[in-house]
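Enquirer: Take this structure first; my questions come after.
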Amino acid sequence: MTGGALRLQDARGCLTADGFAALERAPPGGAPADVAAHLAGCDRCQQRWLSRLRAETGPPAGRPRPATRSPWRNLILVLVGLAVLLGGLLVLMAHS
């Protein structure tokens, strides 16, 4: 339960600050076995671990914002579309 003078787990078995520090210092796959086993099965410690990671890295990046288009471009496209429709109607009316 303890790693030398460090207390890695508290009386309930949950990780202490020293336990989380041991995880941070350990290379991948090299965390103390009892700490890793506890973290794998304890929802509370998993949430605390994720909160610590989020605090270090900041909030997750959202989707990039799309480039804004000019409102004039949209207006011109609508007007051209209407002109084509009206032209088509006039051609149909002339042929009937």
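Read-outs: derived from the displayed coordinates by stated rules, not from any lab. Here the structure is a predicted model, which is why all the values come from computation and not from measurement. All Cβ positions, glycine included, derive from the backbone under ideal geometry; neighbour counts span all protein chains shown.
Enquirer: 5 Å is the cut-off here: which amide hydrogens, built 1.01 Å from N in the peptide plane, fall below it relative to Thr16, excluding neighbours closer than 5 in sequence?
Expert: So Thr16 has HN proximity to Gln9, Asp10.
Enquirer: Now a separate question. Ranked highest first by the average count of other Cβ atoms within 10 Å around their residues, in what order do 79-90, 35-46, 14-25 fall?
Expert: Details: 79-90: 10.0, 35-46: 14.2, 14-25: 16.6.
Ranking the peptides 79-90, 35-46, 14-25 by packing returns 14-25, 35-46, 79-90.
Enquirer: Would you mind counting up the charge near Gln9? Only other residues with Cβ under 13 Å from its Cβ, with Lys and Arg at +1 and Asp and Glu at -1. Can you show the working numbers first?
Expert: Values: positive: Arg7, Arg12, Arg44, Arg48; negative: Asp10, Asp18, Asp34.
Computed value for this residue: +1.
Enquirer: If you don't mind, there's one more thing I want to ask. Between Ile76 and Ser96, what's the calculated FRET efficiency when r is the beta-carbon distance and R0 is 22 Å? Round to 0.05.
Expert: Values: r = 31 Å, r/R0 = 1.40.
Approximately 0.10, to the nearest 0.05.
Enquirer: Calculate one ³J(HN,Hα) per residue across the range 48-56 by plugging θ = phi - 60° into the Karplus curve 6.51 cos²θ - 1.76 cosθ + 1.60, and present them in order as whole Hz with x for glycine and proline.
Expert: For the range 48-56, the Karplus curve yields 5, 5, 5, 4, 5, 5, 5, 5, 6 Hz.
Enquirer: What are the ³J(HN,Hα) values, in whole Hz, obtained from phi via the Karplus relation 6.51 cos²θ - 1.76 cosθ + 1.60 with θ = phi - 60°, for each residue of the range 10-22 in sequence order, with x given for Gly and Pro?
Expert: In residue order, the calculated couplings are 8, 4, 7, x, 6, 6, 8, 4, 5, x, 5, 5, 5 Hz.
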